[in-house]
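Written below as structure tokens is the structure these notes are about.
The values are calculated or read from the model by the stated rules, or taken from the named source; none is laboratory data. Because the structure is predicted, anything quoted here is derived from the model rather than measured. Neighbour counts are summed over all protein chains in view; Cβ atoms, including those assigned to glycine, are modelled from backbone coordinates with ideal geometry.
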Amino acid sequence: MLKELPIITCPICGTEYLPSEIFLPNDVFGKQYDITKDDNGKIKFYLGDDPNLDEEFICECCNTKLNITMKMSFDIKEFEDDFDEEYSVEINKPKKIKLEETNLF
């Protein structure tokens with residue numbers, strides 16, 4: 001069974017592509033470094049390459065030239081842990097192992 005992945009479909013012939021067939025991961029996210037933030041954690045400055053979310057692609061079936069734009073979004077929610085409830089874990093102790101010493105001299 002195939003996982004539900006985002007699929008890019010040629011509008012002319014219907015051929016389907018996965019994003020990794022068209023976009024290079026390093027281009028999608030870019031490469032930023034020397035990131036400077038203010039006291040509130042807001043980004044003020046950075047060096048590096050910006051993301052490239054636009055790609056030209058020629059359909060392998062109908063040879064139509066396509067301009068494809070990726071729209072990136074992030075779903076963010078606070079992590080909720082379950083550490084408020086007490087719980088215990090039973091640990092099975094291994095049987096004792098007796099090692100005999102030998103005299104090598």
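Filter the stretch 41-57 down to residues that are of a type in the set (A, V, I, L, M) and surrounded by fewer than 11 Cβ atoms within 10 Å (Cβ to Cβ) and give me whichever is nearest to P19 (Cα to Cα). Within the stretch 41-57, the match that is nearest to P19 (Cα to Cα) is L47. Note on the stretch 1-16: among residues that are without any contact (Cβ under 8 Å) to a residue 40 or more places away in the chain and in a strand (DSSP E or B), the one that is nearest to M70 (Cα to Cα) is T9.
Can you confirm whether the stretch 33-44 contains a residue that is acidic (D, E) and closer than 23 Å to P6 by Cβ?
No, every residue in the stretch 33-44 fails to be acidic (D, E) and closer than 23 Å to P6 by Cβ.
Within the stretch 58-71, the set of residues being closer than 17 Å to L18 by Cβ and in contact (Cβ under 8 Å) with a residue 40 or more places away in the chain comprises C59, E60, C61, L66, I68, M70.
Being β-branched (V, I, T) and surrounded by 10 or more Cβ atoms within 10 Å (Cβ to Cβ) narrows it down to one residue among I7, I91; which is it?
The conditions single out I7.
For the stretch 7-52, a residue qualifies if it is closer than 20 Å to S73 by Cα, of a type in the set (K, R) and modelled with pLDDT of 95 or more, and exactly one does: K42.
Are any of the residues in the stretch 53-69 within 17 Å of the chain's Cα centre (by Cα) and either of a type in the set (A, V, I, L, M, F, W, C) or outside any strand (DSSP E or B) (or both)?
The answer is yes, given that some residue of the stretch 53-69 is within 17 Å of the chain's Cα centre (by Cα) and either of a type in the set (A, V, I, L, M, F, W, C) or outside any strand (DSSP E or B) (or both).
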